[in-house]
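Presented below is the structure to which this report refers.
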Amino acid sequence: MVKTRLTAEEFFALPLERGELVDGEVREERPPKPEHGRIALRIGYHLMRWLEETGRGVAGVEGGFVLRRDPDRVRSPDVWFLSHERLKEVAREGFYEGAPDLAVEVVSPGEEAEELLAKVLDYLEAGAKAVWLVYPELKAVEVYGRGGAGRLLRAHEALEGGEALPGFRLPLEALFGQ
């Protein structure tokens, strides 16, 4: 029996709570631990404060982005940012077509390194300017830019927005603190 691959539009119509579409196949995800949401909310809070000061775009949590077609690949970053310019390019009915300027993935215990790197590559190859992998248990963040090279930040350092978020700065102590 031949397995049918879904398009992004067919995937959008499914009654799923959480999941992604990878090469036309649905990957359902169980809800994360509460710490995951707490960290995503803190990032979102600081990102929204920066947006209120700069007016540079829009941000959200868990939105669907079509990163590749035929077979379709839809990823859903935990937190994302789109500049106004990029929003004009990717906005459409259903999922956004293309990558956000910034994709943030809060890493849950048990997530495999290969799958995380696949997400980073997907976002960057689709046009993201930056990808942040946030490790709550380690109190560390891996930052990837367009060149693909990663940089590890630890709890005493600060997360800088770089090309994706000029002027954004978040001390990791504020992210991982109580």
query = Tell me, what is the 1.4 Å probe accessible area of Val107, in Å² to the nearest 10?
reply = 20
task = Once you have the Cα-Cα distance between Lys139 and Leu117, take 0.36 nm times their residue separation minus that, and quote the gain in nm to one decimal.
result = 6.0 nm
remark   = Of the accessible area of the chain, computed with a 1.4 Å probe and all protein chains kept, carbon and sulfur make up a percent value of 52
ask   = Counting alpha carbon pairs within less than 8 Å and at least 6 residues apart, what relative contact order, in whole percent, applies to the range 8-176?
value = 17
Cα→Cβ-extended label distance, 7 Å offset, between His156 and Glu52, nm = 3.2
inquiry  = Keeping every protein chain present and rolling a 1.4 Å probe, give me the accessible area per residue for the range 8-176 in Å².
reply    = 52
query = Taking the alpha-carbon centroid of each part, what is the distance from the range 38-53 to the range 117-178 in angstrom?
reply = 14
ask   = Between rounded, prolate and oblate, where does the chain land on the alpha carbon gyration tensor, with a ≥ b ≥ c its root eigenvalues, rounded for a/c under 1.5, else prolate if a/b exceeds b/c?
value = prolate
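Percent antiparallel among DSSP beta bridges with both residues in the chain, to the nearest 5?
Working: 29 of 36 bridges.
Counting only bridges with both partners in the chain, antiparallel ones make up about 80 percent.
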request  = Could you work out how far helix 34-54 tilts from the main Cα principal axis of the chain, as a 0 to 90 degree angle to the nearest 10?
outcome  = 70
key: Residue of Glu142, Glu85, Glu25 that the Gaussian network model of the chain assigns the largest fluctuation, springs spanning Cα pairs under 10 Å   = Glu85
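The values are calculated or read from the model by the stated rules, or taken from the named source; none is laboratory data. Nothing here was measured: the structure is a model prediction, and the numbers come from that model. Neighbour counts run over all protein chains shown; Cβ positions are idealised from the backbone, glycine included. Just so you know, the surface numbers come from the protein's heavy atoms only, side chains and all, with ligands and any DNA or RNA stripped out. Shrake-Rupley method; radii C 1.70, N 1.55, O 1.52, S 1.80 Å.
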